[in-house]
1. Here are some conditions: (1) away from the ligand (no atom under 16 Å from the Cβ); (2) surrounded by 15 or more Cβ atoms within 10 Å (Cβ to Cβ); (3) not in a helix (DSSP H, G or I). Residue 248 meets all but one. Which one does it not meet?
2. If a residue must be touching a helix residue (DSSP H, G or I) at 6+ places or on another chain (Cβ under 8 Å) and surrounded by 14 or more Cβ atoms within 10 Å (Cβ to Cβ), how many such residues does segment 215-230 contain?
3. Going by the conditions given, is residue 185 within 19 Å of the chain's Cα centre (by Cα), within 18 Å of residue 56 (Cβ to Cβ), within 11 Å of the ligand (Cβ to nearest atom) and surrounded by 14 or more Cβ atoms within 10 Å (Cβ to Cβ)?
4. Only one of (1) closer than 24 Å to residue 255 by Cα; (2) surrounded by 15 or more Cβ atoms within 10 Å (Cβ to Cβ) fails for residue 110. Which number is that?
5. What do you reckon, is residue 263 in contact with a helix residue (DSSP H, G or I) (Cβ under 9 Å, 6 or more places away or on another chain) and either at pLDDT below 90 or closer than 13 Å to residue 181 by Cα (or both)?
6. Has segment 131-141 got at least one residue that is modelled with pLDDT of 90 or more and exposed (fewer than 15 other Cβ atoms within 10 Å of the Cβ)?
7. For segment 74-107, name all the residues that are surrounded by fewer than 23 Cβ atoms within 10 Å (Cβ to Cβ), more than 16 Å from the ligand (Cβ to nearest atom) and within 14 Å of the chain's Cα centre (by Cα).
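The values are calculated or read from the model by the stated rules, or taken from the named source; none is laboratory data. Worth saying up front: this structure is predicted, and the values here are computed from it rather than measured. Note that we place each Cβ from the backbone using ideal geometry, even for glycine, and neighbour counts take in every protein chain shown.
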Ligand code: ADP
């Protein structure tokens, strides 16, 4: 059980930020409101990658969906403010965040699974966000403290590639992050950048829950022969070298692309496949890494 760090929860819940508040009071209200929201979230996981296009959002949305399908209460923040793909991948594109008495309501993907993203604010989809660090920090603060997340077992944060403003803001605002999941593809160029994500995590004292090697081999659709398009095993080797856990390999599967584009999490596909089993293994390893009790980790899908 997560410890209550907010000493003034009741007062915080009863007070409102008003135009009469001084800057100091406003900041204090915001801090308490953030603590109050975070108090109700058991596990917080940042999903990172060194490079774009390695399948970070795909892995983040599918890990989150997988846990929600197992019956956990799950939220996902799309902190890739410049390229928010989560709504498209979860089939909630075109929906809007709505204010309620308790903050802004995240969009429900399906019961037990909620999401928030810049792409749900009603802006023109093709318009670029031109923001510097402080504005991004405010947006992330709003996604954490201004939302009515309710009680969550897991909150995933899908970060943009690299180690810039966004991961730093998330780690500072959340105060206690359970860990990072680092997604990479197996080739050397991607691994070079994944190593930087591991180093970033270590420098800001956030445990690395593990590396996921995505797009790791594929079966030829014609003859079934295995092709290692981007090589294989690099993620596992890097994990060993860096002394961090390896969460598993996910092969290239055209079904993943189709489900992403269709807005259906791949893990909710009814048909069994090698990639689906691979996702289940990554989830299992993640739960074990989070020191989730054996009973919880063994809960059926
Ligand atoms: P990132 O968040 O790292 O930029 P995305 O998650 O947006 O990457 O994925 C980029 C593209 O790769 C998407 O079209 C997605 O469907 C596809 N993709 C990701 N993982 C796989 C996979 N294992 N097999 C096939 N396609 C994948």
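1. The failed condition is (1).
2. 3
3. yes
4. With respect to (1) closer than 24 Å to residue 255 by Cα; (2) surrounded by 15 or more Cβ atoms within 10 Å (Cβ to Cβ), residue 110 is out only on (2).
5. No, not satisfied.
6. Checked against the condition, which is being modelled with pLDDT of 90 or more and exposed (fewer than 15 other Cβ atoms within 10 Å of the Cβ), segment 131-141 yields no hits at all.
7. Result: no residue meets the conditions.
Residue by residue, here is whether (1) in a loop (DSSP other than H, G, I, E, B); (2) at positive phi holds:
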position: 76; (1), (2): no, no
position: 127; (1), (2): yes, no
position: 135; (1), (2): no, no
position: 153; (1), (2): no, no
position: 162; (1), (2): yes, yes
position: 167; (1), (2): no, no
